[in-house]
Amino acid sequence: MANGRACKGDGVTPFSVLVEVTLRPDVADPQGATIERSLPALGFGEVTGVRVGKAIRFTVEAADETAARTRVEELCRRFLTNPVIEDATITLAPGTLEPGTLGPGTLGPGTLGPGTLGPGA
């Protein structure tokens, strides 16, 4: 490993990562509320509970899925989220990221499903 980066031949595997960051349920979501108020005028009155978040996709190299998840959780706590008001849902899959292939309901057999980095994590 050089400069914190795994080198080929170090026994590392690439893992595709999707981090979904959302406001905690008890935190007001003004963007979500604005969208929800606008929906009936657009013909979508049946839609409720709108919450806005962000999706961050990247590839991480690690020895195994457990090490990859641990590293991503640390990244979420230290940089990608504000742990006071936000939660992160982490989805991992072995292999490199291909657009449109990693997300809820798109993981293949034998992959590690969603995990939540929430209160007390």
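Since every read-out is calculated from the coordinates, none of them should be taken as a lab result. Note that the coordinates shown come from a computational prediction; the quantities given were computed from them, not determined experimentally. In this analysis, Cβ positions are derived from the backbone assuming ideal geometry, glycine residues included, and neighbour counts consider all displayed protein chains.
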Exercise. Can you sort T48, T96 so the residue with the fewest Cβ neighbours within 10 Å comes first?
Worked result: T48, T96
Problem set entry | Nearest-0.05 FRET efficiency for E46 and E74, computed from C-beta distance (R0 25 Å) | 0.05
For this session: Between I35 and T96, with labels modelled 7 Å along Cα→Cβ, what's the label distance in nm to one decimal, could you check?
Result: 3.1 nm
Exercise. For region 49-62, what does the Karplus curve 6.51 cos²θ - 1.76 cosθ + 1.60, with θ = phi - 60°, yield as ³J(HN,Hα) per residue in whole Hz, taken in order and with x for Gly and Pro?
Worked result: x, 6, 10, 9, x, 9, 10, 10, 10, 6, 10, 10, 9, 7
